[in-house]
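This report concerns only the one structure given below.
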Amino acid sequence: MFDTGNTGFMLLATSLVMLMTPGLAFFYGGLVGRKNVLAIMMQSYVSMGVTTIVWWAVGYSLCFSGDFHGVIGNLDQAFLRGLDLNTPYTDAKIPLFVFVAYQMMFAIITPALITGAFANRIRFAAYVVFLVAWLLFVYFPFVHMVWGHGLLQEWGVLDFAGGIVVHATAGMAALASVFFVGRRRVADAGMHSIPLVALGTGLLWFGWYGFNAGSELKVDAITGQAFLNTDIAASFAGPVWMLMAWRFEKNVKFTGLLTGAVAGLATITPCAGYVTPTAAAIIGTVSGVVCYLAVSIKNRLKWDDALDVWGVHGVGGVLGTISVGIFASLAVNGGGFDGLVAGGGASLLFKQTVAVLGASVWAFAFTYGMLFVIDKITPVKVSEADEVAGLDTALHSEQAYDLDAKTI
């Protein structure tokens, strides 16, 4: 009944995507000051627990069971009702439970991405409420619309591994949260551990092979293509970002290389299984330039997106989704469409652009409104005293480091 090769591969891919959330925690943890390391890492790790519970209870069913006007599923498979170990995911001849677990890992990391934007400013209780509400009203609907035979998928929108579903929605939600909570009242000491950032980048990059190549849901030529494209885009974007920083900031920064690589990974995500390696190189190069400029604009406008979630994931997700409309090719993936370069005209480009802009507007508007409502229930922003003390101590009564000890 089941293809053992596909099943084994998808279990590995699921494990790789799971590893990305701890990788994100290390990445963000290194970028903040020493007094806020545990707080931001905990926001990633708690998603592994809370999101899993929500996914098991209603998330999977709302994404992949039934359909309500093309926007959301139903609750027929809530609590995984009606599924057992022998239920197949027929498209790939794997157990449906493997598909459930794989998609759950995407749900876990997506809201965790947003946390880098409001670093050092959000109360933990408010964050947990935000996490659940954002999954229910932003993430789950777009999973259904794009991957669950909802209205965008039926319209012909392509998103191989999450340019719309993950990066654009998270990035625009991040920007909305920055506008709602405002700037930090206490200047952060800045990144305290570049080695932690490097470790996090390595884990993210490694896990991204499961994120993108695994999105084919089986082992075939497209799986290999998506794997290669993932590496090529990141490998071009990292050095390009580094060169941009060298040109405009007069420094060759390791953090620039790392951030650029992540931008390339985010941008290639929707394209990975639809474009050629040459197109992946172009997409990676352009992402290194565009995402760097987006972060520069953010800095000039003094938007306090602490860890550049909007510039890297939001802009990268939008750019990658539009790039599908330019570079997608039926010669690469017969399940897609030809983009502009392959002679398919502007139809796919139009659909990709409309879809990603619509998703971005909804994610931004709902996130801002949701934070407004949450703030009426429980305060969203921490006090100035808590910011001074650091959230590790103020919210969690723990410390990552002995702050009284002399640094080496």
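Residues that are open to solvent by 40 Å² or more (accessible area, probe 1.4 Å), in a helix (DSSP H, G or I) and either of a type outside the set (Phe, Trp, Tyr) or touching a Cys at 6+ places or on another chain (Cβ under 9 Å) (or both) occur in the stretch 365-374; there is at least one. For the stretch 309-316, does any single residue satisfy the condition of being open to solvent by 20 Å² or more (accessible area, probe 1.4 Å) and out of contact with any strand residue (DSSP E or B) (no Cβ under 8 Å at 6 or more places or on another chain)? Yes, the conditions are met somewhere in the stretch 309-316.
Looking at VAL165, VAL157, just one residue is under 18 Å from GLY73 (Cβ atoms), touching a Lys or Arg at 6+ places or on another chain (Cβ under 8 Å) and surrounded by 24 or more Cβ atoms within 10 Å (Cβ to Cβ), and that residue is VAL157. Take the residues in the stretch 379-391 that are more than 14 Å from ALA125 (Cα to Cα) and of a type in the set (D, E, K, R); name whichever of them is surrounded by the most Cβ atoms within 10 Å (Cβ to Cβ). Among those that are more than 14 Å from ALA125 (Cα to Cα) and of a type in the set (D, E, K, R), it is GLU387. Cβ separations smaller than 9 Å between residues 6+ apart or across chains give the following pairs from the stretch 73-96 residues that are hydroxyl-bearing (Ser, Thr, Tyr) to residues that are part of a strand (DSSP E or B): THR87/PRO95; TYR89/PRO95. Exactly one residue among VAL341, VAL332, VAL295, VAL309 is β-branched (Val, Ile, Thr), free of Cβ contacts under 8 Å to residues at least 40 places away in the same chain and on the phi < 0 side of the Ramachandran plot, and that residue is VAL295. Scanning the stretch 323-342 for residues that are crowded, with 20+ Cβ neighbours inside 10 Å and among the β-branched types (Val, Ile, Thr) turns up VAL324, ILE326, VAL332.
Residue count for the stretch 343-363, restricted to those that are surrounded by fewer than 21 Cβ atoms within 10 Å (Cβ to Cβ) and either of a type in the set (A, V, I, L, M, F, W, C) or outside any helix (DSSP H, G or I) (or both): 10. Listed by position, the helices (runs of 4 or more DSSP H) enclosed by the stretch 1-65 that each have at least 2 residues that are of a type in the set (S, T, N, Q), at pLDDT 95 or above and within 20 Å of the chain's Cα centre (by Cα) are 4-31, 37-54. The C-beta contact set for the stretch 362-380 (first residue within 18 Å of LEU135 (Cα to Cα), second residue open to solvent by 50 Å² or more (accessible area, probe 1.4 Å) and among the charged types (D, E, K, R), distance under 7 angstrom, 6+ apart or interchain) comprises VAL380/ARG123. In summary, helices (runs of 4 or more DSSP H) completely within the stretch 176-278 and bearing 2 or more residues that are open to solvent by 40 Å² or more (accessible area, probe 1.4 Å), out of contact with any Gly (no Cβ under 7 Å at 6 or more places or on another chain) and in contact (Cβ under 8 Å) with a residue 40 or more places away in the chain occur at 194-213, 221-249. Within the stretch 196-205, is even one residue within 16 Å of HIS167 (Cα to Cα) and at pLDDT 95 or above? Yes: the stretch 196-205 contains one or more residues that are within 16 Å of HIS167 (Cα to Cα) and at pLDDT 95 or above.
The values are calculated or read from the model by the stated rules, or taken from the named source; none is laboratory data. Since the structure is predicted, the reported quantities are computational estimates derived from the model, not experimental observations. Virtual Cβ from ideal backbone geometry, glycine too; neighbours counted across all protein chains shown. Side chains are part of the model used for accessible areas, which takes the heavy atoms of the whole protein and leaves out ligands, DNA and RNA. Shrake-Rupley method; radii C 1.70, N 1.55, O 1.52, S 1.80 Å.
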